[in-house]
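The values are calculated or read from the model by the stated rules, or taken from the named source; none is laboratory data. Just so it is clear, the structure is predicted and the values come from calculations on it, not from any experiment. All Cβ positions, even for glycine, are placed from backbone atoms using ideal geometry, and neighbour counts span all protein chains on display.
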Amino acid sequence: MQNDPIICEIRCPVHGFIGLTDFERRIVDSPQFQRLRRVKQLAWTDYVYPGATHSRFEHSLGVMHLATRLFDAIVETSEPLLRRVYRYNDNGFARARQIVRLAALLHDVGHPPFSHAMEKLLPLKAAGHYSLFPGQDAEPQLYEHEDYSVAIIEGPLAEIIHGHASNRRNFRIEPSEVSALIQGTPAGPTLFWREIISGQLDADRMDYLLRDSLHAGVSYGKYDLNRIVSSICAIERPSEESEEPKVAVMKGGAYAVEALIVARYWMHKQVYFHKTRLACDHHLGNAMREILKTETGIEAFPPPGTPEQLQSFLEWDDFRVMGLLARGNGGEHGERLMTRNHYRLVCEIEHLDTSLSELNRSTRRAEEIVKALRTKVKDIERPKALWYKTKANDELILVDDENRRQIGYLSSFSVLMKSINAGSQVFVYADKADAGAAKVDYEKFLREEAEKTRAAEKVKIDAAPNLGSASQELADGAVPSTQLAFPPQGTGKMVQREVPTYKGVPNVG
């Protein structure tokens, strides 16, 4: 069995031409997939980065393209292993490749309007449906967009998948096999390929970093894609761990992988966690809650439980929401969005979690700052992401370039990977009219905090006068203050940050 021929191509600003088979084009032409043209990838981010108006439609095509490149690279470097473990023949490889392409194409088909910004308004799962994904505790939890993707694949798209002549004649792929790759549920040898759909080195993040960076007009999301593709392979794990092979990276590609993880870190810090983007997400969620309450009677999207409920969900997209906002249906928060009267950032607090004592200290300090700002605080955002997972089952494995033997985990060769997850930020917002006064209160808090710190250090020096000149200097003049600190190279602007000063001189070294 050969792969189906490419019958059309779509020009992509990131990857060039992306080819589609007739089977795939039928799915792309479906109303369910075309809806993704009307769901922006980055929600309200274009209020900060005007070019970031791209959609889930083009991202999904890009993920399919990259997943195919990763699949082909793994087969090229590890074909004997995959043939031996999974008993693949040429037909088996062609079938697995088609399943991977479909799963990558459809992984985001269930996104609500404005993508992740609206996921807090997805409904609670009904009793008995709490553990759709493996390893989840049986506790009440919200549906995720993957749940809707699965329902769409096994619902309205099932007829296209079952009915296409190429699938009936060549592949005989069941919709459940595609959804299993998205869910991560056991489904035979195709489960191995989930790592390139959703993992630490998956096609999803590889595409969105490059695409979001391009459209936002920043360089933070760039990395060496071709080096990663040429370095990816499969290795056999010890039998006591698993009989399944695992995706690994040749040591020569380790720095390219490290660059991808750092790119993800910077994109979150500079784009996804931008202070105005977070404020707009807050207003958008509250405005959408008002709209849903008016339109449906409940403050949540319909669940994917029945065909009728799923169809009702699919009728929601960015265009519909924008029309309702323009007509004033989003309440106070909708009006704030439409007039750009969003909450303003008062301060960004570093929240350290390298130890339990540090976490407790950071938490207490954040609470004290909020208390000092009193009633001026309108919103507190605590965005958090795990940049690199260091648990053994999640770690990226490095192998020798020549004999493909495991030589360790990425974190064992990269000091950065061991520390990149430390800390997070807390963003404190006030109304535009109160932001100036709130910043005055914050600066007062910092001065009082500095005085307490200096007094405490002086007590230590007085109790032990021979501690040395460095401690004496700290006691005499170390004053944490708000200074202009140099930003990461390439941002082109100064940022306000808490940095220590010694005898009145900012320490920016």
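Can you name every residue in segment 300-319 that is modelled with pLDDT of 95 or more, part of a loop (DSSP other than H, G, I, E, B) and over 17 Å from Arg38 (Cβ atoms)? If the condition is that a residue be modelled with pLDDT of 95 or more, part of a loop (DSSP other than H, G, I, E, B) and over 17 Å from Arg38 (Cβ atoms), then Ala300, Pro302, Pro303, Pro304, Thr306 are the ones that fit.
Per-residue answers, yes or no, for (1) farther than 25 Å from Arg320 by Cα; (2) in contact (Cβ under 8 Å) with a residue 40 or more places away in the chain; (3) of a type in the set (D, E, K, R):
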site	(1), (2), (3)
Ser30	no, yes, no
Ala52	no, yes, no
Arg95	yes, yes, yes
Glu119	no, no, yes
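Can you find even one residue in segment 206-213 that is over 16 Å from His59 (Cα atoms), modelled with pLDDT of 95 or more and among the hydrophobic types (A, V, I, L, M, F, W, C)? There is no residue in segment 206-213 that is over 16 Å from His59 (Cα atoms), modelled with pLDDT of 95 or more and among the hydrophobic types (A, V, I, L, M, F, W, C). Checked against the criterion of being surrounded by fewer than 18 Cβ atoms within 10 Å (Cβ to Cβ), out of contact with any strand residue (DSSP E or B) (no Cβ under 9 Å at 6 or more places or on another chain) and not charged (D, E, K, R), segment 49-62 contains one or more residues that satisfy it. Being in contact (Cβ under 8 Å) with a residue 60 or more places away in the chain, over 30 Å from Arg87 (Cβ atoms) and under 14 Å from the mean Cα position of the chain (by Cα) is a property that does not hold for Val218.
Name the single residue, out of those in segment 1-39 being more than 23 Å from Asn167 (Cβ to Cβ) and among the basic types (Lys, Arg), that is surrounded by the fewest Cβ atoms within 10 Å (Cβ to Cβ). For segment 1-39, the residue satisfying everything is Arg11. Of the helices (runs of 4 or more DSSP H) lying entirely inside segment 198-281, those containing at least 2 residues that are closer than 21 Å to His54 by Cα and not aliphatic (A, V, I, L, M) span 203-216, 254-267.
Within segment 209-261, the set of residues being over 22 Å from Arg277 (Cβ atoms) and among the β-branched types (Val, Ile, Thr) comprises Ile228, Val229, Ile232, Ile235, Val247, Val249, Val257. In this structure, Ser219 does not satisfy being of a type in the set (Gly, Ala, Ser) and crowded, with 20+ Cβ neighbours inside 10 Å. Tally the residues that are in a helix (DSSP H, G or I), without any contact (Cβ under 8 Å) to a residue 40 or more places away in the chain and among the small types (Gly, Ala, Ser), restricting the search to segment 282-299. Result for segment 282-299: 0. Only a single criterion out of (1) crowded, with 19+ Cβ neighbours inside 10 Å; (2) closer than 13 Å to Pro113 by Cα is not satisfied by Gly330, namely (2).
If you go through segment 347-359 and keep only what is surrounded by 12 or more Cβ atoms within 10 Å (Cβ to Cβ) and either more than 18 Å from Lys444 (Cα to Cα) or acidic (Asp, Glu) (or both), you end up with Glu348, Glu350, His351, Leu352, Asp353, Thr354, Glu358, Leu359. Please verify whether Glu358 is of a type outside the set (Val, Ile, Thr), touching a residue at least 40 places away in the same chain (Cβ under 8 Å) and more than 26 Å from His116 (Cβ to Cβ), treating the condition exactly as stated. No. Within segment 199-227, the set of residues being acidic (Asp, Glu) and closer than 16 Å to Thr68 by Cα comprises Asp202, Asp204, Asp207. All conditions but one from (1) modelled with pLDDT under 95; (2) buried (at least 16 other Cβ atoms within 10 Å of the Cβ) apply to Leu42; the one that does not is (1). The residues on offer are Tyr49, Tyr88, and the sole one that is over 30 Å from Glu159 (Cα atoms), in contact with a helix residue (DSSP H, G or I) (Cβ under 9 Å, 6 or more places away or on another chain) and not polar (S, T, N, Q) is Tyr49. Checked against the criterion of being modelled with pLDDT under 95, charged (D, E, K, R) and either closer than 30 Å to Lys275 by Cβ or surrounded by 19 or more Cβ atoms within 10 Å (Cβ to Cβ) (or both), segment 72-92 contains not a single residue that satisfies it.
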